[in-house]
1. Kindly indicate the residue of segment A:114-144 that is modelled with pLDDT under 85, farther than 16 Å from A:Glu84 by Cβ and more than 7 Å from every other protein chain (Cβ to nearest Cβ) and also least open to solvent (accessible area, probe 1.4 Å) among those meeting that condition.
2. Given the conditions (1) in a loop (DSSP other than H, G, I, E, B); (2) aliphatic (A, V, I, L, M); (3) more than 24 Å from the chain's Cα centre (by Cα), report the number of the one that A:Leu104 does not fulfil.
3. Just give me the residues in segment A:89-99 being without any contact (Cβ under 8 Å) to a residue 60 or more places away in the chain and at the interface with chain B (Cβ under 7 Å from one of its Cβ atoms), in sequence order.
4. Of everything in segment B:128-140, what is in contact (Cβ under 8 Å) with a residue 24 or more places away in the chain and open to solvent by 20 Å² or more (accessible area, probe 1.4 Å)? Give them in sequence order.
5. Please verify whether segment B:349-358 includes one or more residues that are of a type in the set (Asp, Glu), within 11 Å of chain A (Cβ to nearest Cβ) and either open to solvent by 50 Å² or more (accessible area, probe 1.4 Å) or under 17 Å from the mean Cα position of the chain (by Cα) (or both).
6. Give the number of residues within segment B:256-285 that are among the hydrophobic types (A, V, I, L, M, F, W, C) and part of a loop (DSSP other than H, G, I, E, B).
7. List every residue pair whose Cβ atoms sit under 6 Å apart, with the two residues 6 or more apart in sequence or on different chains, where the first one lies in segment B:280-304 and is at the interface with chain A (Cβ under 8 Å from one of its Cβ atoms) and in contact (Cβ under 8 Å) with a residue 24 or more places away in the chain and the second, anywhere, is open to solvent by 40 Å² or more (accessible area, probe 1.4 Å) and among the acidic types (Asp, Glu).
8. Identify the single condition in (1) assigned to a loop (DSSP other than H, G, I, E, B); (2) touching a strand residue (DSSP E or B) at 6+ places or on another chain (Cβ under 9 Å) that A:Gly73 does not satisfy, given that it satisfies every other one.
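The values are calculated or read from the model by the stated rules, or taken from the named source; none is laboratory data. Remember, it's a predicted structure, so these values are computed and weren't measured experimentally. Every residue, glycine as well, gets a Cβ built from its backbone with ideal geometry; the counts of neighbours run over all protein chains shown. Surface accessibility is based on the protein's heavy atoms, side chains included, excluding ligands, DNA and RNA. Shrake-Rupley method; radii C 1.70, N 1.55, O 1.52, S 1.80 Å.
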Amino acid sequence: MGNQPIIELRAVTKSFGPVDVLKGVDFAAHAGRVTALVGDNGAGKSTLIKGLAGVQPYDGGEVLFEGERVHLGHPRDAAKHGIEVVYQDLALCDNLDIVQNMFLGREERRLGTFEEGQMEVEAAAALQSLSVKTVKSLRQKVSSLSGGQRQTVAIARAVVKQASVVILDEPTAALGVAQTAQVLALVRRLADHGVAVIMISHNLQDVFEVADDVSVLYLGTMTARVEVAKTTREDVVGYITGTKTMEAVA
Amino acid sequence: MSANVDNPVAREAAQARPEDSLLGKGMEDGVRDHFRAYVRRVRGGEMGALPAIGGLVVLFIVFGFAHDLFLSQRNMANLLTQAAPLVMLGMALVFVLLLGEIDLSAGVTFGVSMASFVRLTQPDGLSWPLALAIALGIGLAIGGFIGFFVARVGIPSFVVTLGMFLGLQGVLLVIIGDAGAYRLIPAPVKALNTSNLPVWAGWLMLVGVLALLAGVALWDRARRRAAGAPNPPISIMLAKLAGIAVVGVAAVWFLSQDRGSGAIPIRGVPIVVPVVLGFAMIATFLLDRTRYGRYLYAIGGNREAARRAGINVTAVRWTAFVLCSTVAVLAGLFYVSRVGSADAGMGREIVLSGVAAAVVGGVSLFGGRGRLVHAIIGALVIATIQNGMGLLGLPAGTVLAVSGGVLILAATVDALARRRSGGVVVT
């Protein structure tokens, strides 16, 4: 991990009234790598992510994008840097088709009217680059898709604009075994395209299957940041529950 | 990314072997595949205006046999002018119905604005264009008011507009006052929904509509081709246009026959027809091809998803109510033009027929599904029921009861269709 991270957080803090949710957290995500963000409920995972998405700006600390200090004060700022979030409860509109969903809020237009053909071409390219083969037609309504297919569309939505950082919030939480495998493969391919993938997960099996790095939050502090290959499941569980620390393990 | 040529991923995809490409799946196939896909969509619950078109055909057959005059030129022209306010009101309501909202006050909104219009244009009053601008302004203000409480304050639209329904009736009573009713004076406004186009203008209108539809369809194909996306077979487009042309020629020819009873011939397409069609085409363009229209559908489908996609949900919802109320004013204009006067009960009853028109036509009460043309077809169904039953001399009570029954039937179809299309297909 010698190279420069795409996105880096240094000592970020966030408080809600008297409650310090993030107490000076360091975090980094690298291009082409999947970084799992794990931690128990209330550890601050969502708060960390919302700051990156520009939904809830941090109170203090530094955010570095490709080594330069930036301010993420609004979802627009995040979008400008190519930071995309795929939310857990699938932010898709059932009554729209796949192309319409993938381009919702950023439609290609000329003279104020839609370039449907161009959007279709780009949507096909995005799905193709993720080797998606399970979708019959780009013009089918999202309501007719299965859970795994919907997750696929939600992720493809993030890559259609060539995102540099994609944040996945519990991408497999609602899926069955086969569909989980499908989505994890998709996450891997996303990283292979040079995207920095940040995956929030409660499922350590998923983490060990697909992630390169794992960062563990415990009560608002980052207790561990290690390569998956250099740690064990017991150690990660220990970091999550606060019974182990990096120093003790080392 | 202005053109896909700049996009390496897109270029790579375009060069990929066709069997690997998702692109145009369901587009480049033959006519038969398209027909099959259509049947599959209908069976999946996306019936659109089909039930309403079927209902309209059945109604025409039933009333045609039941009364000699129903299919006469005079009654058909009469039906069109009767339906015009309802068609316009139905289209107005589509904007809020798409969001899953409702506007129960759209009828009395046109009542208040038209009462103002008619009073302002009494002798020694304002010129009618100025008065119409004021009436539209009143509609705009009412819509803005409703939108504020729905989109900003967060009150359910049912409650806000029910309050407006009652409140505006009071305003209407105050405007009309003790006179009970005011006569409509300006001749051009009277002519709007009582006169006909010259025969040649009717044909010209038809040619214009067909040329516009064909032009837009060809433009779409050219744009898709330029972007490298496949087009559906051109025969489908030609068949659609031919169908519209056949119905259009038959209708214009039928309305160009003399339908007068005396020495003076009455013939031609009613003036409201091109006005309504013109509005419908502009508004359909807005809904299908612009961001604003797409966002109405998106918010109606999943408001939270729309918000996360960066859409200004509050602004879109607010303006939808403004659009609805303003277009309702035009519905009122057709109404007073036909009736020839403004009274204190204007618009009270028509609003539920307007909702019925949209829902019967296939616009979903749950939001996110439906098109403007559905409201037109649905309004024709409701107007046909009222017209036919009136011809048969059935009491007003029966007409009301049947109209109400049709609304509930249509809402049931809507709910069932929604349940079906909501079903997840596992592949």
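1. Residue satisfying both the conditions and the ranking: A:Val132.
2. It fails just one condition, (3).
3. Of everything in segment A:89-99, those that are without any contact (Cβ under 8 Å) to a residue 60 or more places away in the chain and at the interface with chain B (Cβ under 7 Å from one of its Cβ atoms) turn out to be A:Cys93, A:Asp94, A:Asn95, A:Leu96.
4. B:Trp128, B:Leu132, B:Leu136, B:Ile138, B:Leu140
5. No, segment B:349-358 contains no residue that is of a type in the set (Asp, Glu), within 11 Å of chain A (Cβ to nearest Cβ) and either open to solvent by 50 Å² or more (accessible area, probe 1.4 Å) or under 17 Å from the mean Cα position of the chain (by Cα) (or both).
6. Adding up the residues that qualify gives 5.
7. B:Gly301/A:Asp94
8. Looking at each condition in turn, A:Gly73 falls short on (2).
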